[in-house]
Amino acid sequence: METSTHRKRYEDLKQQINFHNHRYHVMDAPVISDAEYDQLVVELRQVETAHPDWVMPDSPSQRAGAEPSEKFEKVRHPRPILSLANAFGEEDAHAWYERVCKLDDRLEKARFVVEPKIDGLSVVLHYRDGIFVQGATRGDGELGEDITANLRTVQTIPLKIPLNMGMDKQRSDKLPVLEPKSHPNVRMVPDVLVVRGEIFIPVKEFDKLNKRLEENGEKTYLNPRNTAAGSLRQLDPAMTASRPLTLLVYQIVLWENKTQFPREPRSQWQLLEYLRDLGFPVTDTARRFDDIESAIAYTAGWDNRRDELPYEADGMVIKIDDLNLADELGFVGKDPRGAIAFKFPAREVTTKLLGIEVEVGRTGVLTPKAILEPVEINGVIVRNATLHNFDYIAEKDIRPGDRVLVKRAGEVIPYVIGPVVDLRSGAEKQYVPPHTCPACGQPVEHFEGEVAWYCVNAACPAQLVRNVEHFVSRAAMDINGLGIKIVEKLIEAGMVKDIADIYTLSREDILGALTKKDRKTESAPPGKIAENLLAAINTSRRQPLNRLITALGIHGVGEVSAADLSRHFPSLDLLAAASADQLQSVDGVGPNIAEAILDWFSRERNRKVLEKLKTAGVWPKGAAVASPSVGPLSGLTFVVTGTLSGFSRDKVKEFIEGHGGRVTDSVSRNTSYLVSGDAPGSKLQKAQSLGVKVIGESELRKLCA
C-alpha cells in the first residue's frame, strides 16, 4: 500500500475513533460494539508504530476519552484519568510483561493484582476532611463533567468517610490479607482524598428495571453500561436516584496530608484494603499473585466464568502491585505501562439485519429468524439469530436493513438485542408478521393469552417434517441416523405421511431417499446406511412410555410433563381415556395442557396414527423414569422461560434436577420458582399473576450453593 493511502487510512481511523469516543463517552449512545471499537484502535496503533512521526496531539491514542458535554460544568482532574492498553489473550499479556521487564529488572520478582474490568462509567470522587465535596466523569482524561448532585443519590457512595473505623472488624474473607499491615494508623483519613471508581448497574437489577419499564409500556434499555452512563448524566438528580446504580472503587488519584500519618498505601493490594476499610465498596474478586504466570492463569480463567459476576465485565485488569514501581515505568501515549486490560472475547457485536425469515415448528408455531450479515462472535461466525417472537420484534422496533446488536454467550443461541436506531437511513420499514403460513399458504391463528402465532393446518408440509424430526430426536424416540434431509426426501416421495410410517419403511425406501449426491458425501456405503437406520428404528420400538409421549408432540407436553403423565397413566390407552380432572391431578398439568391432551387424542387423524403405532409394536407400558436426585432443591418445582446466558434449555434442566429439583413445562400455583431469562414469554405474566417467585440465573445458582 502506498504511503499516501496509508496516511489517508490513518486519518480516517482517527476520525472514526474520535466519532465513536464522542458517541460512547459524551452521548452514551454507541453505534458499534466494544469489539469493533477495539479493532479500530488496534489498527490505529499498528499504523502509529510503523509511522511514529505521524502521531499528533489530536490522535485518539493521546487521549483518554472524549470532550465533556456542554450541559455540565467542567472539572479539571488533579491528575490525568487514563485508560489502559488492551491484551487480547494470554499471548498479548505475556508480551506486555516481557516489554516492561526490559525496562526494569525488578519486574522479575514483582507481585501482581488482578481485578475485574467492569463495563460501567468511570467517576472521580473528591473528599476533604472525609466529606464528599465533588464528583465528576472521566471526560477526556483532563477535564470531566461535574455530576456531584447526581452522584449524591448513589447509595453506595459514602458522603462522609467514617473516621477511625476498626480495620480488623471490617476485613473481608474474600479479600485475603497476605502480609501484616505495615501502617498501624492507615485507618485515618488524609486531608484531601480523590478516588476513582466505576459506576454500574448490576445485571439482576438491570433485568428488573427493564421488566418494570416493559410492564409500564415504556422503552426498555439495550445494556447495563449505557443505561448507567445515561442515568448519571441526567440534568435531574431525581431521575438518577430512580436507577439502581452502584459503585466499586479501585484507585487513589490524589492524596494530600499535612501530617505524617496516615501514609498513602504504595501497594495496590494495600490500597484496596485501605479503601474498603474507609467504607468504600471494593471488589471481592481481586486476588494477588507472586508471579505473572499465576496472574494470567487466574485472569484467563474468568472468560468462561464471567456470568458468575453480578455485573457486566468485558475483561480483567492485571496490575503491578508495587505502585512506586508502576509509576516509575511511565506511559506509552495515554496508557500506563504498569497495568494491562485483559479483554474477553466479545459477546456482543453489531451487524446488518439482511432480512427476517419465518420458520414453522412441529406444533405449527411460527418463529421469526434473523438473517444477518456474517459476523464473528466469541470465535464463531454467526449468520442467523433468534428474534424470539413477533411481539419482541414489535417491542424493540426491529426492522430489516437495521444495524442490530447481536449477543452470543456460551451455548446460548445468538439473539438480536435490538436495533442501533441512530444509524437508520430512513429506508427501513416496520416489519409486518405474515398473515398466512409460509409453508402451506393457509391463514395463521393467534390464541388469546399466548405470544405465539400458529399454522393450524394439519397437512402443512413444514409441520410434518418438524413432527417427524421431533419424533426421532434424542429426547424422544432417539432414532439415530434419520436426519432431516432423509426425512424430507421420504416425505416428498410419499413414503412417510405421518410419524407411524417410519415403522413401515423398507431398505428400498431408504435407498430411494438417498440421492447420488447424498451417497457420495456419506462415509458408509448406501446399503450399510439403510441397514443401520432400520436397526435404529427397530431399537426405538423398545423406548419407554414417557419417550413415546414426548415424541407425539402434544402442544405443551414436554419431557417433564411426559414423565409425570407416564407415572400416572402407565399406557397410552389409559392416557387417551383420561378426563380433564384426572389429567389436572398430575403435577404441572393445568387446564391448558389438559385441554391440549384431550384435543390431541380426540382428533381422528391422531387416533389412526396411534392404531398404526400399536400395529407396528410401538406400544410401551409402564413408566421407566429415573427417580429425582436429592439435593438443595429437593421438594422445589421450577419452570424456565426466556434465554439464559449461562445455560441452554437442556443444561438448566439437568442443573436443576441434578440438585434435586423438578422442572415442569407450565406455571401453576404449585410452582416454587420461575427462572426467567432474556425475552421471557407468557409464563412470566402467569407467574406474576399467581404470585410465583421469579428469579434469575444467578439466584438459581445461589439456591444450590
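Before moving on, here are some points about what is shown:
- Considering only alpha-carbon pairs that sit under 8 angstrom and 6 or more positions apart, the relative contact order computed for the chain is 10 percent.
- Simple label model, 7 Å out from Cα along Cβ direction - Q430 to D290, nm: 6.6
- Computed per residue of the chain from DSSP H runs no shorter than four, each worth -39500 (n - 2.57), the mean residue ellipticity at 222 nm is -10000 deg cm²/dmol.
- Contour minus Cα-Cα distance for E445 and R212 (0.36 nm per residue): 81.0 nm
- Calculated from backbone phi, Karplus (6.51, -1.76, 1.60) coupling profile of segment 305-318 in Hz, x at Gly/Pro: 10, 4, 5, 6, 6, x, 9, 6, 9, 9, x, 10, 10, 9
- Counting every alpha-carbon pair across segment 237-385, the share separated by more than 24 Å comes to 57%.
- Modelled label reach - E611, point 7 Å along Cα→Cβ, segment 482-513 residues with backbone N closer than 20 Å: 496-505
- Taken over the C-alpha atoms, the chain has Rg and Dmax values of 30.3, 95 angstrom.
- Distant-in-sequence amide contacts of I417, defined by a placed amide H-H separation under 5 Å and a gap of 5 or more residues or a different chain, comprise L405, V406, K407.
- Relative contact order (%) - segment 348-446, alpha-carbon pairs under 8 angstrom, separation at least six: 26
- For segment 541-577, the residues whose amide N sits under 16 Å from a probe point set 7 Å from the Cα of R649 along the beta carbon direction are 550-563.
- Straight-line reach from K258: taking Cα to Cα under 24 Å and skipping same-chain neighbours fewer than 8 places apart, the lysines in range are K160, K181.
- Measuring against 20 Å, Cα to Cα, the residue pairs K407/K683; K497/K612; K369/K489; K369/K396 contain K407/K683; K369/K489 as the ones spanning a longer distance.
- Normalising the Debye intensity of segment 461-540 to I(0), with uniform scatterers on Cα atoms only, and taking log10 at q = 0.21, 0.24, 0.27 Å⁻¹ returns -0.94, -1.23, -1.51.
- Taking segment 74-343 and dividing mean pair separation by its residue count, relative contact order in percent (alpha carbons under 8 Å, at least six apart): 33
- Considering only S566, V420, G230, and ranking their Cα positions along the charge dipole of the chain that arises from unit charges at the beta-carbon of Lys, Arg, Asp and Glu, the one farthest toward the positive end is S566.
- Divide the volume of the convex hull around the Cα atoms of segment 74-343 by the residue count and you get 136 Å³ per residue.
- Radius of gyration, Dmax [segment 609-705; alpha carbons; angstrom]: 16.3, 50
- Relative intensity of segment 348-446 on a log10 scale, I(q)/I(0) at q = 0.17 Å⁻¹, equals -0.76, per a Debye sum over C-alpha point scatterers of equal strength in the absence of solvent.
- Rg/Rh (Cα only; Kirkwood hydrodynamic radius) as it applies to segment 482-624: 1.05
- Of all DSSP beta bridges confined to segment 74-343, the antiparallel ones make up roughly 95%.
- Cβ-Cβ FRET estimate between E98 and N257, R0 fixed at 35 Å, reported to 0.05: 0.40
Every read-out reported here was derived from the displayed coordinates using simple, explicitly stated rules and does not represent laboratory data. This is a predicted model, so every value here is computed, not measured. Heads up, the Cβs are rebuilt from the backbone with ideal geometry, glycines too, and the neighbour counts pull from every protein chain shown.
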